[in-house]
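Q: Below is one structure. I have some questions about it.
The values are calculated or read from the model by the stated rules, or taken from the named source; none is laboratory data. Every value quoted in this text rests on a predicted model; they were computed, and no experiment measured them. Don't worry about glycine lacking a Cβ; one is built from the backbone with ideal geometry, like all the others, and counts go over all protein chains shown. Only protein heavy atoms, including side chains, enter the accessible area calculation; ligands, DNA and RNA are left aside. Shrake-Rupley method; radii C 1.70, N 1.55, O 1.52, S 1.80 Å.
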Amino acid sequence: MTAPHTAPARVAVLGGTGFIGRVLGARLLAQGAEVLSLARKAPAEPAPGRFVAFDLSNGDPAELTALLDRERIDTVVNAAGGMWGLNDEQMYQANVVLTERLIEAVAAMASPARLVHLGTVHEYGMAPVGTSQRESDPAAPVMEYGKLKLAATEAVVRAVEAGRISGVVLRLGNVVGAGQPGHSLLGVMAAKLDAARATGETAQLSLQPLTALRDFVDLTDTLDAVLLAAADRSAPPVVNVGTGSASTARHLVELLIEESGVPTEITEVPAPDGTGPETEWQQLDVTVARDSLGWTPRRTLREAVRELWTAQSTAPVA
């Protein structure tokens with residue numbers, strides 16, 4: 001199902017300069033919403049809507065409450081957070097402290113906004129091969145990032161269940177699409193392919209077996225789910241957003257190479273000891289998203305990778 005025809009009227013996007021936040025803001029603008037983009041610092045490329053620099057991980061929730069009230073915000077999307085390049089304390093501030101302060105800020109609004117918090121499949125940890133992870137399953141994250149995102153999710157759920165806010169956590173699969181972060185596997189591969197395309201050379205890619213299976217989901221489908229969750233206050237506190245199927249990262253890299261059309265030579269690199277598909281499986285059950293939001297994934301991984309490549313290969317040279 002597609003997203004609602006009428007977007008929320010006045011939306012604040014935390015992390016509005018990031019991968020998901022920036023595209024979400026642009027889509028909201030296109031649907032006629034007023035958008036307030038918030039991030040720690042102003043980006044080199046203008047963010048959608050009106051931009052305000054605000055670091056909630058170190059800032060006063062009361063200041064954010066005042067800002068949201070002045071802007072008459074009716075929906076807040078938390079697309080902020082951090083992992084890459086951060087130590088454990090910085091990750092804690094960027095994910096847990098930020099979310100706790102955001103809940104406090106939203107709860108104190110004169111008319112509290114609807115909060116849509118973007119969680120992650122990494123909150124679950126791994127599962128036996130062939131199984132699907134449901135919202136009711138025990139969460140046992142392995143990575144520190146997953147543990148911190150789970151703590152943030154639990155804070156949102158507690159606030160919702162206590163009646164302090166209207167909110168929902170969308171546990172996202174591995175999102176793929178235009179503007180893929182440069183530090184991600186697909187972002188790195190796309191940059192290497194693009195560099196080879198620009199020089200007319202053969203791309204040289206070194207790849208581990210990449211046998212881990214993950215639930216990858218298209219960016220556009222993800223945005224559909226965000227808008228549906230923002231509009232439907234009857235949704236349960238936690239909703240999975242994925243394809244409901246697992247794919248290897250190697251498959252996505254191969255799709256990327258095909259879509260680029262760039263001649264490529266792949267050098268196989270052995271995987272680290274102790275890794276294998278039996279310990280590397282994640283697949284989301286998306287039944288709740290279908291039943292509560294009317295959302296199902298519509299787009300293929302090839303379409304997601306195609307948009308990633310189109311954005312990469314047409315981006316201006318820095």
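Q: Out of (1) open to solvent by 20 Å² or more (accessible area, probe 1.4 Å); (2) at pLDDT below 95, the odd one out for residue 39 is which?
A: (1)
Q: Please list, ordered by first then second residue, the pairs with beta carbon atoms under 7 Å, 6 or more apart or interchain, first in the stretch 289-318 and touching a residue at least 12 places away in the same chain (Cβ under 8 Å), second open to solvent by 60 Å² or more (accessible area, probe 1.4 Å).
A: Between residues of the stretch 289-318 that are touching a residue at least 12 places away in the same chain (Cβ under 8 Å) and residues that are open to solvent by 60 Å² or more (accessible area, probe 1.4 Å), the close pairs are 294/1; 295/1; 296/1; 296/290; 313/197.
Q: For the stretch 271-284, give me the residue count where each residue is modelled with pLDDT of 80 or more and part of a loop (DSSP other than H, G, I, E, B).
A: Within the stretch 271-284, residues that are modelled with pLDDT of 80 or more and part of a loop (DSSP other than H, G, I, E, B) number 3.
Q: Give me the residue from the stretch 170-225 that is farther than 26 Å from residue 146 by Cα and of a type in the set (S, T, N, Q) and, out of that set, most open to solvent (accessible area, probe 1.4 Å).
A: The selected residue is 204.
Q: Continuing with the same structure: Taking the conditions exactly as written (under 18 Å from the mean Cα position of the chain (by Cα) and among the small types (Gly, Ala, Ser)), does residue 152 satisfy them or not?
A: Yes.
Q: How many residues are within 26 Å of residue 281 (Cβ to Cβ), small (Gly, Ala, Ser) and not in a loop (DSSP other than H, G, I, E, B) when one looks only at the stretch 141-173?
A: So the answer is 3.
Q: Taking residue 97 as the residue in question, decide whether it is open to solvent by 10 Å² or more (accessible area, probe 1.4 Å), of a type in the set (Val, Ile, Thr), out of contact with any Asp or Glu (no Cβ under 6 Å at 6 or more places or on another chain) and within 17 Å of residue 150 (Cα to Cα).
A: When the stated conditions are applied, residue 97 passes them.
Q: Here are the criteria: (1) touching a residue at least 24 places away in the same chain (Cβ under 8 Å); (2) closer than 20 Å to residue 107 by Cβ; (3) surrounded by fewer than 16 Cβ atoms within 10 Å (Cβ to Cβ). Tell me which single one residue 8 does not satisfy.
A: Only one criterion in (1) touching a residue at least 24 places away in the same chain (Cβ under 8 Å); (2) closer than 20 Å to residue 107 by Cβ; (3) surrounded by fewer than 16 Cβ atoms within 10 Å (Cβ to Cβ) is unmet by residue 8, namely (3).
Q: Okay, next question. Going by what's in this entry, would residue 111 be described as surrounded by fewer than 20 Cβ atoms within 10 Å (Cβ to Cβ), touching a strand residue (DSSP E or B) at 6+ places or on another chain (Cβ under 7 Å) and under 21 Å from residue 67 (Cα atoms)?
A: It is false that residue 111 is surrounded by fewer than 20 Cβ atoms within 10 Å (Cβ to Cβ), touching a strand residue (DSSP E or B) at 6+ places or on another chain (Cβ under 7 Å) and under 21 Å from residue 67 (Cα atoms).
Q: Here is a list of conditions, (1) of a type in the set (A, V, I, L, M, F, W, C); (2) buried (at least 16 other Cβ atoms within 10 Å of the Cβ); (3) in a strand (DSSP E or B), and residue 266 meets all of them except one; can you say which number that is?
A: (2)
Q: Something else about it: Tell me, please, whether a residue that is open to solvent by 40 Å² or more (accessible area, probe 1.4 Å) and in contact (Cβ under 8 Å) with a residue 40 or more places away in the chain can be found in the stretch 72-79.
A: Looking for residues that are open to solvent by 40 Å² or more (accessible area, probe 1.4 Å) and in contact (Cβ under 8 Å) with a residue 40 or more places away in the chain, one finds at least one in the stretch 72-79, hence yes.
Q: Output the number of residues of the stretch 42-71 satisfying the condition of being open to solvent by 50 Å² or more (accessible area, probe 1.4 Å) and either in contact with a Phe, Trp or Tyr (Cβ under 7 Å, 6 or more places away or on another chain) or in contact (Cβ under 8 Å) with a residue 60 or more places away in the chain (or both).
A: Residues flagged as open to solvent by 50 Å² or more (accessible area, probe 1.4 Å) and either in contact with a Phe, Trp or Tyr (Cβ under 7 Å, 6 or more places away or on another chain) or in contact (Cβ under 8 Å) with a residue 60 or more places away in the chain (or both) within the stretch 42-71 amount to 1.
Q: Moving to a separate point now. Under 8 Å between Cβ atoms, which residue pairs at least 6 apart in sequence (or on different chains) link something in the stretch 238-262 that is over 30 Å from residue 159 (Cα atoms) with a partner that is assigned to a strand (DSSP E or B) and not hydrophobic (A, V, I, L, M, F, W, C)?
A: Hits for this filter: 246/214; 247/214; 248/214; 249/214; 257/264.
Q: Considering each of 118, 67, 56 in turn, give the residue that is closer than 26 Å to residue 145 by Cβ and modelled with pLDDT of 95 or more.
A: Testing whether each residue is closer than 26 Å to residue 145 by Cβ and modelled with pLDDT of 95 or more leaves just 118.
Q: Looking at 127, 140, can you tell me which residue is hydrophobic (A, V, I, L, M, F, W, C), out of contact with any helix residue (DSSP H, G or I) (no Cβ under 8 Å at 6 or more places or on another chain), open to solvent by 50 Å² or more (accessible area, probe 1.4 Å) and modelled with pLDDT under 95?
A: Of the residues listed, the single one that is hydrophobic (A, V, I, L, M, F, W, C), out of contact with any helix residue (DSSP H, G or I) (no Cβ under 8 Å at 6 or more places or on another chain), open to solvent by 50 Å² or more (accessible area, probe 1.4 Å) and modelled with pLDDT under 95 is 140.
Q: If a residue has to be of a type in the set (D, E, K, R) and open to solvent by less than 30 Å² (accessible area, probe 1.4 Å) to count, how many in the stretch 157-169 make the cut?
A: 0
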